[in-house]
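Student: I'd like to ask some things about the structure below.
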Amino acid sequence: MIFKTLFLLAIVLCASADENDVLELTDDDFKTRIAEHETVLVMFYAPWCGHCKKLKPEFAKAAGDIKNNDPPVVFAKVDCTEGGKETCNNFGVSGYPTLKIFRNGELSSEYNGPRDAGGIVKYMKAQVGPSSKELNSVDAVNDFTSKDDVAVVGFFESDSDLKSAFLKLADKLREKVRFGHSSDKEVLKKFGHTNAIVLFRPPHLHNKFEPDSVKYEGASKREAIESWINENYHGLVGHRQRDNTNDFKNPLVVAYYAVDYVKNAKGTNYWRNRILKVAKDFASSFTFAISAKDDFQHELNEFGYDYVKGDKPIVFARDAKNRKFIMHDEFSVDGFLSFLKKLKEDALEPYIKSEPIPEENNGPVTVAVAKNFDEVVANNGRDTLIEFYAPWCGHCKKLAPVFDELGEKMKNEDVAIVKMDATSNDVPPPYEVRGFPTLYWSPKDNKANPIRYEGGREVDDFIKYIAKHSSQELKGWDRKGKAKKEEL
């Protein structure tokens, strides 16, 4: 009992410590407290806001992680429903949470960065100080290149076109890349460069399959240097995290396992090295990455996995067409090699997340699943109105009887009314679903270019739309959606 009490107390104290790293500001002290600090990130929030509740622990953790940064960054929050109403109004806060960056007491810019602790810290570190840090000693360079992030360092004996392009690029990419530069004679002598740019990979990603640093050999142009950085930033097998997923392009091969460079760097690299051993021979064909399986459970679900047991990596891939592939065998170097060979030769069966094809599909609304989508939508030879829904969605449930009635009214027309559970089936391109319900109109003669339906959601709204856009005039309605009189 005593142990349980102490444990709970420790949790409370830890939570309090995190919260204490964030200033709580009100209308009475906002201006004076903000002016005390060079750079402040302010979160404007409402206590009842779900997104705010989700962000607050990440915001507090980020505040603790960055509080000793040089130069310093301060985090603050303002409750827009109580003591900070006037302040929130003054800065045009209309939604929650809203984050803004203040410099020397004045609003500088909107915060447009990630919403997880690590991403917030990285983004805010890039907001303070010069875009490229001047490194005036060998120790300074060694310290700069020993951090957990990639470092891009310019070695310049004098001003040059390369130096000018480097510094301009640093201004552009300061939120993504850490830049440093040096003209110190001892530094240039130690590193053997007089007019060069070198990308240093972080020590925890060093391996025997690729160099720890890469020297730029291209033209003295900002665009060329940027392209080179993008190509080399993550190395042969990058550490893919929630805040950098957009850096990894198809065709992409990802190994998911307990990736953790904080608590288990040795174990993480044990598997990464085995992936590297095979990946080095396929670098020109695929992008490779490792990801923490707990951070990407939603992606595991997309490949039909609710849970991954054991310590070994599980490997998924997407080709240039975004088709999905699974390495079904338990991970081994030989098995991974075989998988990549078949993937490169297009000798694997793509994985399609799909419910079973309905045995009977004669209702007023045709049911589409991934496995029959081509049959009931893409190749059905009919104009089609399709709804992508989620079973738990309240708006979808409200729409269901309306859609059924619409299906009944269209049963004698050359129009298909279709629905698909987008949570249990892969949605094929060119359809994009980012919320529920999402509706599309797919003309029978232009299936490659469906049109997102943005109209009303009553039966009459749908009928008017279909009557206007159908490839041929409906039998029961004119082009304006007025019912035709039955001939006696």
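Student: So how do 73-79, 403-409 stack up, highest first, on mean other-Cβ count within 10 Å?
Tutor: Details: 73-79: 21.9, 403-409: 18.9.
Going by the mean number of other Cβ atoms within 10 Å, highest first, we get 73-79, 403-409.
Student: Grab the beta carbon distance between ARG103 and GLU302, set R0 = 56 Å, and tell me the FRET efficiency rounded to 0.05.
Tutor: Values: r = 41 Å, r/R0 = 0.74.
So the FRET efficiency works out to roughly 0.85.
Student: Multiply the residue gap between SER164 and ASN379 by 0.36 nm, knock off their C-alpha separation, and tell me the result in nm, one decimal place. Provide the component values of the computation, followed by the final result.
Tutor: Values: separation 215, 0.36 × 215 = 77.40 nm, distance 5.61 nm.
Stretched out fully, the SER164 to ASN379 stretch lengthens by 71.8 nm.
Student: Give the value in nm², to one decimal: projected area of the alpha carbon convex hull of the range 295-360, averaged over all directions. Let's see the in-between values first.
Tutor: Numbers: hull surface 24.2 nm².
Result: 6.1 nm².
Student: Ignoring ligands, DNA and RNA, what percent of the accessible area of the range 65-110 is carbon or sulfur (1.4 Å)?
Tutor: Details: 900 of 2360 Å².
That share works out to 38 percent.
Student: Now a separate question. For the range 174-237, what's the relative contact order in percent, using C-alpha pairs closer than 8 Å and at least 6 residues apart?
Tutor: Details: 35 pairs, mean separation 16.4, N = 64.
Relative contact order here is 26 percent.
Student: Turning to a different aspect of this structure: Kindly state, to the nearest 0.05, the FRET efficiency for GLU432 paired with ASP171, given R0 = 30 Å and r defined as their beta-carbon distance.
Tutor: On the way: r = 34 Å, r/R0 = 1.13.
It comes to 0.35.
Student: Now for a separate question. How high is the relative contact order of the range 55-149, in percent, counting Cα pairs under 8 Å that sit 6 or more residues apart? Write down the numbers at each step before the final one.
Tutor: Details: 58 pairs, mean separation 30.0, N = 95.
The value is 32 percent.
Student: Would you please give the FRET efficiency between ASN412 and ASN273, computed as 1/(1 + (r/R0)^6) with r the Cβ-Cβ distance and R0 = 60 Å, to the nearest 0.05? Present the calculation step by step, with values, prior to reporting the outcome.
Tutor: On the way: r = 65 Å, r/R0 = 1.08.
My answer for the efficiency is 0.40.
Student: Starting from the Cα of LYS31, step 7 Å along the direction of its Cβ; do the same at ILE357; then give the gap between the two resulting points in nm.
Tutor: For the pair LYS31/ILE357, the computed spacing is 7.1 nm.
Student: log₁₀ I(q)/I(0) of the range 114-162 at q = 0.13, 0.19, 0.31 Å⁻¹, via Debye over equal Cα point scatterers, no solvent, to two decimals?
Tutor: -0.42, -0.79, -1.25
Student: Once you put a point 7 Å from the Cα of LYS468 and another 7 Å from the Cα of SER332, both along the Cβ direction, what distance in nm separates them?
Tutor: 6.3
Student: From the mean inverse distance of alpha carbon pairs (Kirkwood) and the Cα radius of gyration, derive Rg over Rh for the range 62-183.
Tutor: Ratio value, two decimals: 1.06.
Student: Further, regarding this structure: Determine the shape class of the range 276-406: with a ≥ b ≥ c the square roots of the Cα gyration tensor eigenvalues, call it rounded for a/c under 1.5, and otherwise prolate if a/b is greater than b/c, oblate otherwise. Provide the component values of the computation, followed by the final result.
Tutor: Details: a/c = 3.03, a/b = 2.04, b/c = 1.48.
It is prolate, given that a/c is not under 1.5 and a/b is the larger ratio.
Student: Compute the helix-to-body angle for 2-20: its Cα long axis versus the longest principal axis of the chain, expressed 0 to 90° and rounded to tens.
Tutor: Orientation of helix 2-20: about 80 degrees from the principal axis.
Student: Among bridges DSSP assigns within the range 248-317, what percent are antiparallel (round to 5)? It would help to have the intermediate numbers written out before the result.
Tutor: Working: 4 of 10 bridges.
Beta bridges within the range 248-317, antiparallel portion: roughly 40 percent.
Student: Along Cα→Cβ, 7 Å out, is where each label goes; now give me the distance between the ones at ASP148 and LYS266 in nm to one decimal.
Tutor: Going by the 7 Å Cα→Cβ label model, 1.9 nm.
Student: In whole Å, largest first, what are the principal axis extents of the Cα atoms in the range 96-139?
Tutor: 46, 25, 12
Student: Take each of the peptides 476-483, 270-277, average the number of other beta-carbon atoms within 10 Å over its residues, and list them starting from the highest. Working shown, then result.
Tutor: Working: 476-483: 13.4, 270-277: 18.5.
Ranking, from highest mean packing down: 270-277, 476-483.
Student: Evaluate the relative contact order of the chain (contact order divided by residue number), counting alpha-carbon pairs under 8 angstrom at least 6 apart; express in whole percent. Before the final figure, lay out each step's value.
Tutor: Details: 780 pairs, mean separation 38.9, N = 488.
Reported relative contact order: 8 percent.
Student: Oh, and also: List the extent of the Cα atoms of the range 14-87 along each of their three principal axes, largest first, rounded to whole Å.
Tutor: Extents along the principal axes: 33, 28, 17 Å.
Student: Okay, moving on. Grab the DSSP H runs of the chain that are 4 residues or longer, score each as -39,500 (n - 2.57), total them, divide by all residues and round the 222 nm result to the nearest 500 deg cm²/dmol. Provide the component values of the computation, followed by the final result.
Tutor: On the way: 14 runs with 155 residues, N = 488.
It comes out at -9500 deg cm²/dmol, rounded to the nearest 500.
Student: Starting from the Cα-Cα distance between ALA140 and ASN195, subtract it from 0.36 nm times their residue separation and give me the gain in nm to one decimal. Write down the numbers at each step before the final one.
Tutor: On the way: separation 55, 0.36 × 55 = 19.80 nm, distance 1.85 nm.
That works out to 18.0 nm of additional length.
Student: Continuing with this model, one more query. Enter the Cα centre distance for the pair the range 380-403 and the range 284-301, rounded to the nearest angstrom.
Tutor: With the range 380-403 and the range 284-301 each reduced to a Cα centre, they are spaced 31 Å.
Student: What are the semi-axes of the equivalent ellipsoid of the range 341-488, taken as the square roots of 5 times the eigenvalues of the Cα gyration tensor, listed largest first and rounded to whole Å?
Tutor: Numbers: eigenvalues 178, 58, 39 Å².
Semi-axis lengths for the range 341-488 are 30, 17, 14 Å.
Student: Could I ask something else about it? Quick one: Debye curve from the alpha-carbon atoms of the range 162-274 only, equal weights, vacuum; give me log10 I(q)/I(0) at q = 0.10, 0.13, 0.16 Å⁻¹ to two decimals.
Tutor: One equal scatterer on each Cα of the range 162-274 leads to -0.37, -0.61, -0.89.
Student: Could you please tell me the mean projected area of the C-alpha convex hull for the chain, averaged over all directions and given in square nanometres to one decimal?
Tutor: Orientation-averaged projected area of the Cα hull: 32.6 nm².
Student: While we're on this one: Of all accessible surface on the range 128-171 at a 1.4 Å probe, what whole percent is carbon and sulfur?
Tutor: Values: 840 of 2110 Å².
Reported share for carbon and sulfur atoms: 40 percent.
Student: Let me ask something additional. Report the far tail of the P(r) of the range 372-449, meaning the percent of Cα-Cα pairs longer than 17 Å.
Tutor: Counting pairs separated by more than 17 Å, the tail of P(r) holds 43 percent.
The values are calculated or read from the model by the stated rules, or taken from the named source; none is laboratory data. As the structure is a prediction and not an experimental result, all values here were calculated from the model. Glycine also receives a Cβ, built like all others from the backbone with ideal geometry; neighbour counts cover every protein chain displayed. These area figures cover heavy atoms from the full protein model, side chains too; ligands, DNA and RNA do not enter into them. Shrake-Rupley method; radii C 1.70, N 1.55, O 1.52, S 1.80 Å.
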